[in-house]
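S.K.: There's a structure below that I have some questions on.
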Amino acid sequence: MIVDDEPYNIEGVRMMLQLLTQQYLPAFDLANIDTAGNGLKAVDRVKSVYAQGQCYKLILMDCNMPKMDGYEATQQIRKHITDEGGIQPTIVALTGHSEEKYIQRALSSGMNSLIKKPCK
C-alpha cells in the first residue's frame, strides 16, 4: 500500500515501482496496489484487509499527513496486527526530512526503514 496525502506522490511512487518490477520482478502485479490519502485511512484499510484474512507485505508511508501522520498510523497498524496475531508488514517511511531526528522518529514509531523524497 502507498500512503501519501499528495496524489502526485502516490502516482510517482507507483511509476517507480513499475520500473523496478519490470526490471527485477516481471511477474509482480501492480494492478492491486492499494493507496490511502492519510494515516487514518491507512489504518482503516489495514484493519479491513486483515478482517478479510489477508495481509500487506509492504506499506510505503508518508510521515507528514493531515488527520493522522505516518508515525501514529504505523504505531496503530503495528498494535492492531499484534493484537490480531497477524504477520507484520514491512513499513518504509517516505519523507523529505533526512535529519537524524526524523530517521530516529520513524524507526522508533515502528517503521523498518526510510526513503528520502524526492526518490531517485
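The values are calculated or read from the model by the stated rules, or taken from the named source; none is laboratory data. Quantities reported herein were computed from a predicted structural model and do not represent experimental measurements. With ideal geometry, Cβ positions are generated from the backbone for all residues, glycine too; neighbour counts draw on all protein chains shown. What goes into the accessible areas is simple: the full protein's heavy atoms, side chains included, and nothing from ligands, DNA or RNA. Shrake-Rupley method; radii C 1.70, N 1.55, O 1.52, S 1.80 Å.
S.K.: Residues with amide H under 5 Å of His97's amide H, sequence separation 5 or more or different chain, H placed in the peptide plane at 1.01 Å from N; which?
M.R.: Distant-sequence amide H within range of His97: Lys117.
S.K.: Let me ask another. In terms of solvent-accessible area of protein heavy atoms at a 1.4 angstrom probe, what is the ranking of Ser48, Ser109, highest value first? Write down the numbers at each step before the final one.
M.R.: Values: Ser48 45, Ser109 10 Å².
Descending accessible area places them as Ser48, Ser109.
S.K.: Accessible area per residue for the chain in Å², computed with a 1.4 Å probe and the full protein assembly in place, what is it? Walk me through the intermediate numbers first.
M.R.: On the way: 7190 Å² over 120 residues.
In whole numbers, the chain has 60 Å² accessible per residue.
S.K.: Hey, what did the chain get for relative contact order, percent, Cα under 8 Å, at least 6 apart?
M.R.: Over the chain, the number comes to 24 percent.
S.K.: Could you state the number of Å between the C-alpha centres of the stretch 88-116 and the stretch 31-52?
M.R.: 19
S.K.: Return a whole-number percent for the relative contact order of the stretch 1-63, with Cα pairs under 8 Å and 6 or more residues apart as the contact set.
M.R.: Numbers: 53 pairs, mean separation 32.3, N = 63.
Reported relative contact order: 51 percent.
S.K.: Using a 1.4 Å probe over the heavy atoms of the protein chains, calculate the carbon and sulfur portion of the accessible area of the chain as a whole percent. The partial results should precede the final answer.
M.R.: On the way: 3870 of 7190 Å².
Whole-percent figure for carbon plus sulfur exposure: 54.
S.K.: About its Cα centre, how strong a charge dipole does the chain have in debye, to the nearest 20, once Lys and Arg get +1 and Asp and Glu get -1 at the Cβ?
M.R.: Result for the chain is approximately 160 debye, rounded to the nearest 20.
S.K.: Starting from the residue with the highest accessible area, list Arg78, Arg105 in decreasing order, probe 1.4 Å.
M.R.: Arg105, Arg78
S.K.: May I pose another question? Taking the chain, how much of its Cα-Cα pair set, in percent, is spaced more than 24 angstrom apart?
M.R.: Everything past 24 Å amounts to 23 percent.
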